[in-house]
Amino acid sequence: MQKLAIQGGNPLQGEVRISGAKNAALPIMCASLLTAETLRLTNLPDLHDVGTMRKLLQQMGITAKSATGEITFKGDKVENWEAPYDMVKTMRAAILVLGPLVTRFGDARVSLPGGCAIGSRPVDLHIKGLQAMGAEISIEHGYIHAKAKRLKGARIFFDIVSVTGTENLMMSAALADGVTVLENSAREPEVVDLANCLRAMGAKISGDGTDAITITGVEKLHGAHHRIMPDRIESGTFLVAATATGGSITLRETRADILETVLEKLTEAGAKIKVSGDSIHLEMNGRPKAVNVRTAPHPAFPTDMQAQFMALNCIAEGSAIVIETIFENRFMHVQELRRLGAHIDVEGNTSVVRGVDHLEGATVMATDLRASACLVIAGLVAQGETVIDRIYHLDRGYEHIEAKLSQLGANIRRL
Ligand code: UD1
């Protein structure tokens, strides 16, 4: 199993290009199931999850041709409407084929995802939404089986804000008969990016980016070209790493408008940030100040940045409270950070981090994607060597992470 070895202590310096967003790429790749024509996607990140999604779509009969950073999909020969357990268990986003399959072909069999390291993560809202649109759904042998002649527009209220739930139902409604209104829908920028792609394919969607999205179904969608938005979590991760190490970095090809809460928190921690066009420059001098964090749906602070801020708080001046309101078990990194010398107390969904003046390198284990990023940041500031085991989690969501960090002056290598 591959590991990362980091010699801590180097401040990050220099420029880095931000990749296309994983959480926009995965749903948008599923949109290729909605049309027989070609969907050309550019700025696709080279990630394990993108490869898994491509394989899944190909198993269904989609043809996929790649060039650097892009894939062209064609869905004129889709004849297998099933997402098997083996794929869904490694990548929960595979649930995003459910809506497109049932709305275009009237039939879909998708494995139930089951649990994952950060919590139980059910898909009941995806199922209820499809039922409200007239799909007949049964759960058989661990699979969701959905059938419908043609889905019908409906008014759907989400009890809990769900990102992939909103995306699945938005894609379903694009080809449904009539108008669908998604209320208490997710406002994440990746939902807007999917809506932009669907509009380029001929869908009628308005209100994306707010908590009420209206979709008027059309008979058919056509081919399109769409450029995937920049990854706000990758951007945020590099900015936190630069703040923690007292560095000075410039991110290129990113967007500050989708990172507002993160930039505010970094400013509170003492970083100086300048935005110019699609670049963000961050400069940090001295020890960061501890910053409280409370995760919540967009536009509040993203749960996918919680672990990285925990690492920052570990070496900050003062104490911080970190509250996780989205996932019930997203503090797996705490035990690993403690192995590096961090002082963290956890009670339910709340952690209290008391900053220490240094961490010490040790061997730690990555438990999920963003927890891995947190351990990388901790390793970059720790004294001596940190070895991170099970880094396959990191490869699911960060494109060429050690190459990018080396380019910024980090002493990091893959074992
Ligand atoms: C997406 C992101 C993930 C991010 C998360 C929250 C992708 C591919 N993944 O995950 O990186 O951490 O949003 O911003 O975009 N829930 C239910 N029933 C459902 C669906 C969700 O109870 O049917 C609950 C979940 O257990 C969780 C909360 O709703 O507590 C939010 O989850 P959701 O927004 O659906 O997360 P994902 O879309 O899976």
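Total residues in region 40-72 satisfying the condition of being in contact (Cβ under 8 Å) with a residue 60 or more places away in the chain and buried (at least 21 other Cβ atoms within 10 Å of the Cβ): the figure is 5. Just one of the listed residues (204, 220) is more than 14 Å from the ligand (Cβ to nearest atom) and touching a Ser or Thr at 6+ places or on another chain (Cβ under 6 Å), and it is 204.
Remark: pairs (first residue in region 374-394, of a type in the set (Gly, Ala, Ser) and at pLDDT 95 or above; second residue part of a strand (DSSP E or B) and crowded, with 18+ Cβ neighbours inside 10 Å; Cβ separation under 6 Å; 6+ apart in sequence or on different chains) = 379/6; 379/386.
Restricting attention to region 141-186 and to residues that are part of a loop (DSSP other than H, G, I, E, B) and closer than 17 Å to residue 199 by Cα, the residue that is nearest to the ligand (Cβ to nearest atom) turns out to be 176. Of all the residues in region 288-306, those that are near the ligand (Cβ under 9 Å from one of its atoms) and either surrounded by fewer than 16 Cβ atoms within 10 Å (Cβ to Cβ) or under 11 Å from residue 261 (Cα atoms) (or both) number 3. The set of residues from region 296-308 being of a type outside the set (A, V, I, L, M, F, W, C) and closer than 16 Å to residue 344 by Cβ comprises 306, 308.
The values are calculated or read from the model by the stated rules, or taken from the named source; none is laboratory data. Fair warning: this is a prediction, and the values are worked out from it, not measured in the lab. Glycine gets a Cβ as well: all are built from the backbone with ideal geometry, and neighbour counts include every protein chain shown.
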